[in-house]
Structure formats: C-alpha cells, structure tokens
Amino acid sequence: MLSEAISGLTQVFQPLPLALMLLGVAIGFLVGILPGLGGAVTLALMLPFTFDMQPVEAFAFLLGMWVVTSTTGDITSVLFGVPGEATSAATVLDGHPMTKRGEGGRALGAVLFSSALGAVFGALVLALAIPVIRPVVLAFAPPEFFALTMLGLTFVVALSGKHLLKGFIMAAFGLLIALVGLDPQEGTQRYTFEQLYLWDGIGIVPLVVGLFGGAEVLQLMLSKRSIASADGGATPEASLSGVGQGIRDVLRHWPLVIRSSAIGTGVGIVPGLGGSVAQFMAYGAAQQSSKTPEMFGKGAVEGVIASGAVNNAKDSGSLIPTIGFGIPGGAGSAVLLSAFLIVGLNPGEEMLTTSLDVTFSMIWVTVLANFIAVAAAFFVLKPLTRLTFISGPLLVPFLLLLLALGAYTASNSFADVLVMIVAAIVGVVCIRYDWPRVPFLLAVVLGSLAERYLFLSYSLFGWDWLTRPIVLGIGAVMLLAIVGPVVRRARARSRAEKRPEQSGVSA
Amino acid sequence: MSAAESRHTTSPARTEEIGMADPAPQAPSRRSSTGAVADVVLGLLLLALFGWAFLEAADWSFKAAIFPRIVTGLGFSVAFLQVVQSLLRLAGGRRAAGARTPVTSPAGPIEPVPAESVPQAAGTTAEDDANEDDVEYVFQTAGARRWTEAIAWVTGFFVLLYVAGLFVTAPLFSVLYLRFAGKRSWTFCAIYAVTIGAVLYAAFELALGIPVPPGLFLD
C-alpha cells in the first residue's frame with residue numbers, strides 16, 4: 001500500500017496533473033467565493049472538459065476544484081454574512097459577528113487554517129479506510145452491491161425530509177431515465193422512440209449540467225442583482241489583520257479541530273447526509289463542549305473553527321463510499337462518480353486493487369489543493385472579496401455559453417443541448433414546487449449499475465440472493481431509514497396537535 | 001437526421017415555455033394552494049409517465065423487462081399514493097382555511113393578504129438547504145413579467161445557437177443581453193462580446209480542437 005501511496009503522489013507531481021490541479025483550484029476558489037454557484041454545479045460544468053484526460057489528470061482537476069469550494073465559501077460567510085456555499089452557512093453564525101467586531105482577520109485565519117487541518121484529517125481517514133474497506137468490498141457479490149445501491153438511494157430519499165413520497169417518485173423517475181437506450185443483455189430498444197441518439201441512453205453530463213446549472217442561471221436572470229448584496233453594511237476592506245491570532249486560536253483548540261473533523265468525515269461517509277447537516281452537528285458539538293457556550297452566535301472563535309474543519313473533512317468522508325462502493329453521498333460526489341465512469345474507472349474492487357495508485361493520487365490532491373487554496377487565500381483576500389459584487393447579469397451570457405458547451409461536447413450533438421434544456425426544466429420545476437432533485441440525479445447515475453447488479457444476482461442465484469444475510473441486513477437498515485423519520489414526524493405532529501394554538505400553520 | 005433534429009428543437013422549446021411559464025400566472029393568486037395544486041398536477045403527470053412506461057415494457061423479453069417493470073411498477077404505486085395524499089391535503093387545507101380564518105378565506109382578492117402569505121410560503125420550505133432556499137425564494141417571488149423575459153432570453157439564446165452556431169451566438173447574445181437586460185453601455189457590451197468570442201475561439205478552435213455547435217449554415 002505504501003508504494004501505491006508514493007506512486008500516487010508522484011503521479012500528481014507530473015507537470016500536467018499539477019497544472020490541471022492548479023487550474024481546478026483557481027476555478028474552485030472563485031466559485032467558492034461567488035455565492036449561488038455551488039461546487040456540484042461547477043463540477044458538472046467542468047465535467048465535459050475531462051473527456052480526453054487520463055484518470056489522474058481528470059481527478060487532479062475536478063477534485064482540486066471541488067474540495068476548494070468549501071474552503072473559500074467560508075470567506076464570504078465571514079466577511080459579508082453571505083455563505084459562498086450552502087455548506088458554509090454555519091460559518092456565518094460566528095464568523096460574521098467577529099467581522100462586525102473588527103476581528104475579520106482573526107476569524108478568517110481561524111476558519112482557513114482549520115479548513116486545511118480538516119482536509120488533512122479527512123484525507124488521513126480516507127487513506128486508513130482503504131485497508132479496512134478492501135476486504136469488505138472483495139467479500140461483496142452482486143447481490144450485496146445491488147442492495148448497497150438501493151441503500152444509497154434510500155438514504156438520499158429519506159433525507160429529502162418531509163417529502164418522502166416525492167423523493168421516492170423522483171428516484172423512480174431517475175431510474176426510468178437511466179433505462180432509456182439499448183438494454184445491456186439483449187439489445188432491446190427501451191423508450192428510444194426510434195431515435196438513434198437515444199440508443200446510447202441519456203447522457204449523464206448534459207443531464208447534470210441542466211439539472212443544476214440551468215436553475216442557477218435562471219435564478220441570476222430572474223433576480224438581476226449582484227450575487228452578494230452587502231446588506232450588513234460590511235465593506236470588503238473590513239479589518240483583515242489578526243490572521244496570525246486566528247491560526248494560534250486553531251492550534252490552541254486542537255481537540256476541537258479533531259472532533260469536528262471526525263464528525264465531518266463520519267457524516268460524509270453516510271450517503272445522503274451531506275454537508276449542510278454535518279456543519280451544524282459539528283457546530284452543536286462545539287457549543288456543548290465549550291467553556292463559554294453563551295458566546296456562540298455572537299462571535300465565538302470555536303464556532304468558526306468547528307465549521308471550518310467539518311466542511312473539508314466531510315469531502316474526504318464522502319469519497320469513501322464513492323470510491324469503495326460506487327455510492328455517492330450527495331450531489332457533488334454523484335457528479336464525481338459520473339467522472340469515474342467517463343474516464344473509465346470502476347468504483348469498488350478496481351479502485352482498491354489495480355487502480356489503488358489513482359485512489360491515492362486523489363487523496364493527495366484533496367490535501368494539496370486545500371493547502372494551496374488556503375495559502376493563496378491569505379495572499380489575495382482583499383481583491384477576491386470584491387468579486388462578490390459582480391452583478392448577476394454580467395455572468396449570464398458566460399454561464400449560458402458554458403451550459404450549452406458543457407452539454408454539446410458530451411457527444412457533439414445538438415440533441416445533448418436539448419437533453420440539457422429538458423433537464424433544466426426538470427430542475428427548475430423541482431425547485432419551484434419543492435420536489436427533491438438529488439434522488440433523481442443519484443438514481444440516473446446508479447440506474448445502470450443497479451440493473452447490472454440485479455441481473456447478475458438473478459443469473460447467479462435466482463431469487464435466493466434476497467435471503468443472503470448481508471442483503472437482509474442492508475434491507476433492515478433501509479427499512480429503518482424510511483420508517484425512522486416517519487415515526488419521528490408522526491410523534492412530533494401528535495405533540496403539536498396537543499398544543500394547537502401555538503403551531504397552527506404547520507400542516 | 002436533420003429533419004428529425006429540427007422537429008426535436010421545436011417541441012422541447014415549446015414544453016419549456018409551458019413548463020416554466022405556468023408558475024407565473026398562478027403565483028400571485030393563491031400562494032399556499034399553488035404548491036398543493038402543483039403537487040397534484042406533477043404527480044398525475046408522473047403517474048401517467050410511469051403507467052405508460054410500464055405498459056411499454058410489456059412487449060419486451062423477460063431479461064430486458066424485469067428491471068423496467070420493477071421500477072415503473074413501484075414508481076406508479078408511489079406516484080398514486082402521492083396524488084391521493086396531496087389531494088387529501090388540498091381538501092383538508094381548504095377546509096382548515098375556511099374554518100380557521102373566515103376573514104381572509106373568501107376566494108375574493110383582499111388587498112393586504114398577499115403581503116402576509118408570501119413570507120409564510122417561504123417559511124414552510126426553510127428547513128431545506130440554505131442555498132436551495134435562496135433559489136426557491138427567487139423562483140417563487142419573481143413576477144410573470146420577469147419569468148417571461150428570462151424564458152424569452154433563454155429561448156432566444158438556444159434558437160440562435162442552433163441556427164447560427166457558437167461563434168456567432170457568443171458575441172451577439174452577450175451584446176444584446178447586456179445592453180437590453182443588463183443596461184450596460186454599448187462600449188462595455190462590445191468589449192465583453194469581443195473578449196468572450198476571442199476566448200472561446202482561442203480555447204475551443206485553436207487550443208483544444210473540441211467541436212462546438214456549428215449552426216445550420218456551416219454544417
């Protein structure tokens with residue numbers, strides 16, 4: 001394993017992967033700062049450019065970009081109270097009050113440094129997880145993998161919150177979309193409408209680009225304002241001194257860094273939970289263990305440290321199931337999974353045996369990219385924060401072109417652009433009427449895998465595979481994941497009904 | 001192939017207009033119930049889709065049809081449940097609204113009500129993602145005019161892209177959009193357009209050699 005680790009590192013340190021990683025870091029840096037443009041969206045937009053790349057190059061580029069967005073998203077959270085990423089929301093709670101108090105520099109120093117440490121922790125866990133999950137993965141047969149794909153879907157659906165049914169429908173819809181094309185066993189045309197383009201199935205890239213990017217562009221067109229409106233009255237020139245003190249704060253609170261990173265990695269491993277949950281879990285834990293919990297929300301540096309560390313650790317955590325089992329934890333890693341398939345890597349056994357060096361190169365990239373981003377952030381903080389005042393309409397033509405190009409280059413056909421447009425409509429309708437998008441995306445990505453595993457299971461074991469112990473165990477977990485939230489909600493509702501006056505509108 | 005493609009372009013463009021524009025006229029009237037109505041409508045659409053897909057799979061061989069049958073069968077059942085549930089909720093909501101607040105409930109438009117109901121509608125969805133919420137809020141509150149404008153621009157962009165290709169569309173659309181939607185000066189638009197055209201040309205045509213949408217005339 002050590003030799004693969006070193007081989008992974010040397011592969012990253014070739015000129016081309018290194019250059020691509022720097023490019024990815026630069027893009028991720030900007031995207032992280034621009035609120036509204038998220039990591040998953042950008043990954044989707046950049047996916048088409050990786051078609052001709054080698055695996056290590058592609059992941060240096062994509063991962064470098066992705067892991068950095070959660071670091072730099074914290075910058076605007078601290079300075080303007082506007083999270084650059086959804087996952088940076090917890091940073092606002094204490095980071096922004098610190099800025100108002102004139103301690104913006106200290107808050108930034110703390111959040112950036114703890115982000116870097118969180119990334120290292122996450123990467124370490126990822127590396128250590130490999131020898132642990134390898135025997136598990138090798139012991140798994142198609143039935144177990146099929147059960148796992150279903151488990152991943154169930155988690156994502158169960159976490160679409162109160163819309164359990166909608167989540168299931170969207171997952172089924174996604175699986176249906178994944179079915180389009182020639183069937184893998186006999187070449188029967190399924191839902192192809194006699195269009196040659198549909199024989200290969202619906203491309204994941206145009207779909208992801210439309211589903212996430214389309215809605216984002218439309219939002220900019222509808223709201224027509226600069227992406228961050230500095231309503232708090234904060235200016236980019238807010239005091240940026242005290243960075244060193246922030247770093248010392250982090251070192252002083254090192255147990256907090258480790259605990260928050262552990263929470264981030266742990267939550268990241270569970271598919272579907274994702275960053276929005278992780279940050280507040282770590283934040284809550286930090287508050288509980290603090291000597292001055294009353295300061296939280298008013299500018300406690302511990303709150304900032306916890307939210308910084310958890311963000312970056314969870315990215316590595318979510319890579320564990322993605323690499324090991326091909327089950328992405330959320331939107332970002334779902335897009336990454338499609339990148340695996342594009343560059344011809346099979347998650348699971350292959351990533352842990354023959355392609356182990358690629359896996360290690362990915363781990364190195366998450367660490368290196370974070371360090372580069374944090375170092376760069378300290379140098380170019382002031383000019384970068386002005387970016388948030390770019391007005392929305394300025395980005396619209398550029399982003400529309402990216403959408404079109406991203407879709408078109410998937411197979412050089414205008415049909416891809418149409419797929420992208422339809423996906424964008426689906427995405428917009430989903431947001432407008434509160435239907436979850438992520439189960440849909442995950443189902444499309446997992447659909448063909450799921451069918452292959454199901455078919456293999458059936459041809460190997462008949463229907464007996466349903467009674468294999470691990471399959472039954474996973475089934476039980478799935479059941480719990482569905483029933484648990486329903487029971488909890490029913491209990492909460494009955495409690496609310498006992499006091500009808502207080503919560504009248506909750507229906 | 002090209003005939004088939006052009007047929008393709010017209011139909012999604014139309015569905016786009018229908019699908020995206022229909023929130024706009026509904027939105028101002030009754031915000032709390034549009035969500036429920038939309039749930040019923042979308043549920044029925046998906047129900048029909050799953051039903052059709054299930055029947056379609058009937059002709060295929062066992063191997064090709066097993067997974068589709070499972071997926072569409074489950075999808076159909078869940079969509080059915082969802083439609084029933086949201087119909088019940090719709091009926092329940094109407095009844096509750098009638099019982100609880102007799103002052104505001106009569107369907108007639110009472111002036112001060114919308115101001116209250118907007119933050120309510122946003123509040124009910126606030127449990128989800130912080131980022132998503134923002135988008136949701138913009139989509140919910142943008143008026144019919146903004147929606148029409150935005151969709152017109154997007155439709156224009158893709159039609160232009162199909163007809164004239166990337167290297168014409170990029171500068172032309174940039175100038176038009178920034179000038180008329182972004183209210184920028186002509187000089188600014190020109191610089192933006194030239195830059196974006198040059199960058200795209202340099203990147204895709206000269207450096208990467210990746211094909212881009214050529215338009216109808218260069219095909």
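Side notes on the structure shown:
- The number of Lys pairs in the range A:2-498 with C-alpha atoms less than 27 Å apart, excluding pairs fewer than 8 positions apart on the same chain, is 10.
- For residues of A:280-293, the mean tally of beta carbons on other chains within 10 Å: 0
- FRET efficiency, 1/(1 + (r/R0)^6) with R0 25 Å, evaluated for A:ALA19 and A:ALA375 via beta carbons: 0.90
- With a 10 Å cut-off around each Cβ of A:179-191, the average count of Cβ atoms from other chains is 4.
- Table column - 3J(HN,Hα) (Hz), the range A:464-470, Karplus curve with 6.51, -1.76, 1.60, x for Gly and Pro: 5, 4, 5, 9, 5, x, 5
- A simple rule links phi to the HN-Hα coupling: the Karplus curve 6.51 cos²θ - 1.76 cosθ + 1.60 with θ = phi - 60°, which for the range A:420-431 gives 4, 5, 4, 4, 5, 4, 4, x, 5, 4, 4, 5 Hz, with x for Gly and Pro.
- Per-residue 3J(HN,Hα) values for the range B:86-94, derived from phi via the Karplus relation 6.51 cos²θ - 1.76 cosθ + 1.60 with θ = phi - 60°, read 6, 5, 4, 5, 4, 4, x, x, 4 Hz in sequence order (x marks Gly and Pro).
- Amide H contacts of A:ARG190 (H built 1.01 Å from N, in plane; Pro and chain starts excluded): A:GLY181, A:LEU182, A:ASP183 sit under 5 Å, all sequence-distant by 5 or more or on other chains.
- Per-residue shielding of B:52-60, expressed as the average number of other chain Cβ atoms within 10 Å of the residue Cβ, stands at 2.
- Sparse packing (at most 14 other Cβ atoms within 10 Å of the Cβ) combined with a DSSP loop state is found for the following chymotrypsin sites (Phe, Trp or Tyr not before Pro) in the range B:145-219: B:PHE217.
- Buried area at the A-B interface (accessible, heavy atoms, 1.4 Å probe, summed, Å²): 7300
- For the range A:392-463: Kirkwood Rh in Å [reciprocal of mean 1/r, alpha carbons]: 14.9
- Rg to Rh, two decimals, where the range A:16-163 supplies the alpha carbon set and Rh follows Kirkwood: 1.05
- Isotropically averaged projected area of the range A:313-456, using the convex hull of Cα atoms (one quarter of hull area), nm²: 11.9
- The calculated 222 nm mean residue ellipticity attributable to helices in chain A amounts to -24000 deg cm²/dmol, summing -39500 (n - 2.57) over DSSP H runs of n ≥ 4 and dividing by all residues.
- Other residues whose C-beta falls under 15 angstrom from the C-beta of A:ILE177 contribute a net charge of -3, scoring Lys and Arg +1 and Asp and Glu -1.
- Volume of the Cα convex hull of chain A, divided per residue and given in Å³: 160
The values are calculated or read from the model by the stated rules, or taken from the named source; none is laboratory data. No experiment lies behind these values; they were computed from the predicted model shown. Methodologically, a virtual Cβ is constructed for each residue, glycine included, from the backbone with ideal geometry; neighbour enumeration extends over all protein chains shown. Each accessible area value is taken on the protein alone, full model and side chains, heavy atoms only, with ligands, DNA and RNA left out. Shrake-Rupley method; radii C 1.70, N 1.55, O 1.52, S 1.80 Å.
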